[in-house]
Structures are given as structure tokens and as C-alpha cells.
Amino acid sequence: MILTMATRNENPAPFMAVHPGMMIKPELEERGITQKDFAKMLGVQASHLSEVLNGKRALTTDLAVKIEGAIGLPAKILLSAQTQYELESTNSPIDDKEQETFSVTIPIRDRNLLRELVRKFGWACVF
């Protein structure tokens, strides 16, 4: 599967990695869950969660698993987004071709959620 970001003229543009907090935050807003309440659900400090949701702190495996258990966003997708975000945030040169596409393997049971994330963030997805 290749993910790219779609532009208004429907020509795909390169996928830009986003911090996983940018994926979680709108999901909470859509469900009407406050960050404070979500932090309680997860058993973490509200300040810690806020830093993750605002891209100031990396998402850990432990927190990703808790988020999956609480609202169903797959930890694998969130951690993959964190890894891609970290790779693109480094100063190390990346081959231009790698910047144009992002490949990820998603279990069949998670494809509907991926489709929803693709719709929300305007990515083009090739299955």
C-alpha cells in the first residue's frame, strides 16, 4: 500500500509525515473526549498526554497500546507514523524516491480504520 497526500486538483503529492498526535487529537474531538478525561482513561498525566498530542513528545509503545485499547486506533499505525515522523525530522539525507511514497502493511481487520484516517487527512491510498 502506498500513501500519498492528495492535493485539491487530485494530483497526488508526496506524503508528509505527521506526528501521531495529529492523528489522535481530531479523533478525541470527534468523540467529544477532553484531553484531561482521556489522560485519566489512559492512566497518564494530562501534561504528558498534551505534549504527545501537540507533537512535543514522542509517542511510546506503551502509550500507543493504551490508546489502542481505549479508542481503537491501532498501535501499529500510530507507531509507524511516529517512526516516519522521526525519520523525516532528522537531518540525515533520504533518497528522493523514499520521500515520495510511504509503504505500510496493515492487517485486514484494520483496513477500515486506515481508510477513515486516509479520508480525514486527505491522503491518497493504493491498496
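The values are calculated or read from the model by the stated rules, or taken from the named source; none is laboratory data. Fair warning: this is a prediction, and the values are worked out from it, not measured in the lab. Reconstructed Cβ throughout: ideal geometry from the backbone, glycine too, with neighbour counts over all protein chains shown. For the accessible areas, the whole protein counts, side chains as well, though only heavy atoms, and no ligand, DNA or RNA atoms are used. Shrake-Rupley method; radii C 1.70, N 1.55, O 1.52, S 1.80 Å.
Brief remarks follow.
- Figure note: Asp110, Asp62 ranked by solvent-accessible area, largest first, 1.4 Å probe, ligands and nucleic acids not counted: Asp62, Asp110.
- Distance (nanometres) between label positions extended 7 Å along Cα→Cβ at Lys76 and Thr60: 2.4
- Highest mean packing first, where packing is the average number of other Cβ atoms within 10 Å per residue, the peptides 42-48, 21-27, 71-77 line up as 21-27, 71-77, 42-48.
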